[in-house]
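To start, the structure itself, in structure tokens.
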Amino acid sequence: QVTLVESGGGSVQVGGSLRLSCTGSGFASEYNYNTRCMKWFRQAPGKEREEVATIDKTGVTSYLDSVKGRFTISRDSAKTTLYLQMNTLKPEDSATYYCAAASFRFTCASVIEYWGNGTLVNISS
């Protein structure tokens with residue numbers, strides 16, 4: 001069975017940095033993982049879930065407008081691990097962050113097949 005496990009969350013001051021990781025396991029093959037669009041989402045209490053960043057099977061990335069220039073999504077194919085480097089953090093970045101894998105062989109617009117359980121990020125003023 002496939003699992004996605006996030007790590008790296010915590011509490012930091014405004015302007016600080018965090019690096020989140022999401023390690024996948026149970027994929028049928030490295031190819032099965034690497035042909036999926038991978039995504040980071042976040043959700044703060046009382047707010048709608050936001051798609052923060054995506055990276056497709058070729059390494060092309062996209063970002064939520066509010067995090068452009070501050071966040072960087074990347075993936076290590078051999079380790080089946082997804083990363084989110086978050087710099088210049090702001091209070092509005094506080095949320096639970098989730099990694100997710102879209103359908104095998106489909107685009108980043110496809111349905112999410114697998115979700116992690118989330119890691120909490122808190123930015124203090």
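The values are calculated or read from the model by the stated rules, or taken from the named source; none is laboratory data. Everything numeric in this text was worked out from a predicted model, so none of it was measured. Here the Cβ positions follow ideal geometry from the backbone for every residue, glycine too, while neighbour counts run over all protein chains shown. Only protein heavy atoms, including side chains, enter the accessible area calculation; ligands, DNA and RNA are left aside. Shrake-Rupley method; radii C 1.70, N 1.55, O 1.52, S 1.80 Å.
A few comments on the model shown:
- Which numbered condition Y33 misses (of (1) farther than 27 Å from I123 by Cβ; (2) without any contact (Cβ under 8 Å) to a residue 60 or more places away in the chain): (2)
- When S66, S62 are screened for being of a type in the set (S, T, Y) and either assigned to a strand (DSSP E or B) or touching a strand residue (DSSP E or B) at 6+ places or on another chain (Cβ under 8 Å) (or both), only S62 passes.
- Put simply, of T107, T88 the only residue that is out of contact with any Ser or Thr (no Cβ under 9 Å at 6 or more places or on another chain), open to solvent by 50 Å² or more (accessible area, probe 1.4 Å), in a loop (DSSP other than H, G, I, E, B) and touching a residue at least 24 places away in the same chain (Cβ under 8 Å) is T107.
- Within the range 58-69, residues that are surrounded by 13 or more Cβ atoms within 10 Å (Cβ to Cβ) have Cβ atoms under 7 Å from residues that are of a type in the set (D, E, K, R) in these pairs: L64/E50; L64/E51, counting only partners at least 6 apart in sequence or on another chain.
- Complete set of residues in the range 18-45 that are surrounded by fewer than 12 Cβ atoms within 10 Å (Cβ to Cβ) and farther than 17 Å from Y98 by Cβ: A28, S29
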